[in-house]
Structures are given as C-alpha cells and as structure tokens.
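The values are calculated or read from the model by the stated rules, or taken from the named source; none is laboratory data. Everything numeric in this text was worked out from a predicted model, so none of it was measured. Positions of Cβ are backbone-derived with ideal geometry, glycine not excepted, and every protein chain shown enters the neighbour counts. With ligands, DNA and RNA removed, areas are computed over all heavy atoms of the protein, side chains included. Shrake-Rupley method; radii C 1.70, N 1.55, O 1.52, S 1.80 Å.
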Amino acid sequence: MLKRCLQNKAVLIPGLVILLVIILSILGPLLTDYDEVSQDLLQRLKPPGNGHLFGTDELGRDVFARILYGTRISLFIAVIPTALAVAAGTAAGVCAAQLGDTADFIIMRFADVMLSIPGMLLAMVVLYTMGGSLASVIISLILIEWGGIARVIRSVSLRLRETGFVEAAVSAGAGRLTVVIKHILPNLVPAIIVLFTLNIPSSILSESALSFLGIGIQPPQVSLGLMAGTSRQYLFQMPWLALAPAGMIMTLVLAFNFLGDALRDMLDPSDTGISRKRSGGV
C-alpha cells in the first residue's frame with residue numbers, strides 16, 4: 001500500500017504538504033527565537049519584518065511562533081478526537097450489523113439522536129458544561145463525529161456479512177466473534193482509513209470555529225482558531241494577524257480533503273458503500 005501511495009501523485013502531494021506542516025510544528029522552537037507566550041508591549045502590533053516573519057500581535061507576541069505552536073495544538077485536537085470517534089463509530093457500527101435486529105435498532109436510533117442535534121449546539125452544551133478545556137473540546141468533537149461514522153461502518157459491515165467468504169466461515173462453524181475479527185474487521189480497514197482522513201478536516205474546522213467564538217481553547221493555550229478569533233478586531237487595519245492562522249487552517253483542511261479523496265479513489269471502496277464525504281465543521 002505504501003508503494004501505491006508513493007506512486008500516486010494525488011496521494012503523494014497532499015501527503016507531503018501535511019508532513020511538511022507537521023515537521024514545521026514539531027521543529028517550531030528551532031525555527032524562531034521567540035516562543036508563543038512571551039509578551040513585549042513595546043513591540044505590539046508590528047508589521048511583518050524586523051525579525052518577526054508575520055509581525056506581532058496585540059500583546060507583542062511573535063505571530064509566526066504562535067502559528068507553529070498553534071498548528072501543533074490544532075493537529076493534536078484534530079487527530080486524537082477523530083481517531084477516538086472512528087474507534088467508537090467502528091465498534092458501534094460493527095455491533096449494530098452483527099448483533100441482531102434489537103442491538104441494531106438501539107444503536108442506530110441512538111446514533112440518529114446524536115446526528116439530529118446540530119453539531120454547534122451539541123459542542124456548546126458540552127463546552128459550557130465542562131468549560132473550554134482541551135479535554136472538553138476533544139469530547140465534544142467525538143460526540144459530533146461518531147454517529148456518522150457508525151452509520152457508514154454499519155452499512156459496510158452489512159454488505160460484508162453477505163459476501164461468500166463470510167458465509168463460508170459461518171457454514172464452517174466459525175463463531176460471531178471469530179467472523180468479526182478474522183473477516184469483517186480486516187476488510188473494514190480501507191473504509192476506516194478513508195473515514196479517518198476525511199474526518200480530520202471536519203475536526204480542524206470545528207475546533208477552529210469553537211475557538212474563534214471563544215468557547216473552545218482558552219488562553220494561555222494557543223490554537224489557530226483562537227488566533228484568528230482574537231485578531232478579527234484588527235482585520236482591516238492589520239489583516240496579516242488573522243490571515244496567517246486562517247491560511248494555515250485552509251492549507252490543512254484542503255490537504256487532508258485532497259488526501260482523503262485520493263485515498264478513497266485509490267482504495268476503491270465504492271463497492272463497500274462509502275460515499276464522498278466533505279468536511280463542513282460544526
């Protein structure tokens with residue numbers, strides 16, 4: 001699979017962009033003489049230049065250093081909740097498909113209830129209840145995403161259950177757990193990879209929207225959405241303060257979307273019912 005990815009430019013190019021952004025965020029302290037929290041009020045609201053690649057913000061903090069660190073936080077918040085949501089959605093979808101009509105009805109109706117609640121409203125309830133901490137943002141993103149993933153995995157699992165190799169295993173006396181572990185889950189891997197990749201942009205946009213509104217990540221922590229939100233009052237006087245973090249958000253979202261689309265086409269999961277899924281945030 002790795003060889004196929006390296007030979008596919010549609011996968012390779014966005015993959016390299018994402019890898020470059022990850023490397024920049026990890027090596028951030030080596031790329032700038034400033035950190036993300038040091039304030040210098042004498043240097044506040046400086047334009048790009050004079051040692052500050054993207055200028056300084058309203059507290060004299062280096063915008064470039066804050067983007068590097070904020071990208072690290074935003075990627076962490078995007079990847080971890082998405083991975084947990086995919087794990088929960090996969091478990092729920094497989095159980096719904098394999099445990100009979102009663103379990104299927106209960107799990108899917110619960111997923112329908114979660115999907116019927118607007119993502120922004122659900123996230124706001126969680127964040128106002130638990131506070132704008134990193135943990136509460138992660139929990140809210142998991143709750144937003146797992147239901148849709150569960151429905152897709154259930155659909156794929158139901159189709160796999162009707163395939164010849166699964167029916168042959170059942171006829172040979174294989175138990176339900178054995179069938180799931182040896183036959184269903186391995187064939188769900190392409191679907192899981194695609195769902196994971198396509199849901200990351202949604203998590204990035206959701207976290208950015210919540211932080212932009214001031215109910216997500218809270219200072220002194222840094223995220224790209226928080227930077228864009230705190231800089232919006234200077235949008236017309238000093239647009240680079242908001243455009244720099246917004247540009248990084250756009251780069252990550254587009255790269256992950258292109259990567260997810262390319263992986264879906266390469267793995268060709270159309271036979272298993274995975275439809276094109278675009279990220280729309282909360």
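Annotations
- Gaussian network model of the chain, Cα within-10 Å springs - most flexible of Leu27, Leu42, Leu205: Leu42
- Electrostatic dipole magnitude of the stretch 10-117 [Cβ: Lys, Arg +1; Asp, Glu -1; Cα centre; debye, to 20]: 120 debye
- Take the chain with all the other protein chains still there, run a 1.4 Å probe, and you get 49 Å² of accessible area per residue.
- Between Gln218 and Phe236, the contour length at 0.36 nm per residue exceeds the Cα-Cα span by 4.0 nm.
- Here the chain has an Rg and Dmax of 21.6, 77 Å, counting Cα atoms alone.
- Site pair Glu167 and Lys182 shows an inter-label distance of 1.9 nm when each label is modelled 7 Å from Cα along Cα→Cβ.
- By average C-beta atoms within 10 angstrom, highest first, the peptides 216-223, 96-103: 216-223, 96-103
- Each peptide in 85-92, 113-120, 63-70 receives the mean, over its residues, of other Cβ atoms within 10 Å, and ordering these scores from highest gives 63-70, 85-92, 113-120.
- Calculated P(r) tail over 24 Å for the stretch 1-139, as whole % of Cα pairs: 58 percent
- Per-peptide average of other Cβ atoms within 10 Å, ordering 154-163, 128-137, 74-83 highest first: 74-83, 154-163, 128-137
- Farthest toward the positive end of the dipole of the chain, out of Ile215, Ala169, Asn50, is the Cα of Ala169, where the dipole comes from beta carbon charges about the Cα centre.
- Positive-end residue, the chain charge dipole about Cα centroid, Cβ charges, pick of Ile144, Pro190, Ile67: Pro190
- Angle of helix 185-212 to the longest C-alpha principal axis of the chain, folded into 0 to 90 degrees and rounded to 10: 30°.
- The chain: most fluctuating residue of Gly225, Gly28, Gly175 per GNM, C-alpha cutoff 10 Å: Gly175
- Mean-position separation - Cα centroids, the stretch 161-183 and the stretch 6-66, in angstrom: 51 Å
- Around the Cα centre of the chain, unit charges on the Cβ atoms of Lys, Arg, Asp and Glu (plus for the first two, minus for the last two) sum to a dipole of about 420 debye.
- Portion, in percent, of the accessible area of the chain that falls on carbon or sulfur, probe 1.4 Å: 67 percent
- Additional length obtainable on full extension of the chain from Asp112 to Leu99, 0.36 nm per residue less Cα span: 2.9 nm
- Considering only the Cα atoms of the stretch 95-155, their convex hull presents on average a projected area of 4.3 nm².
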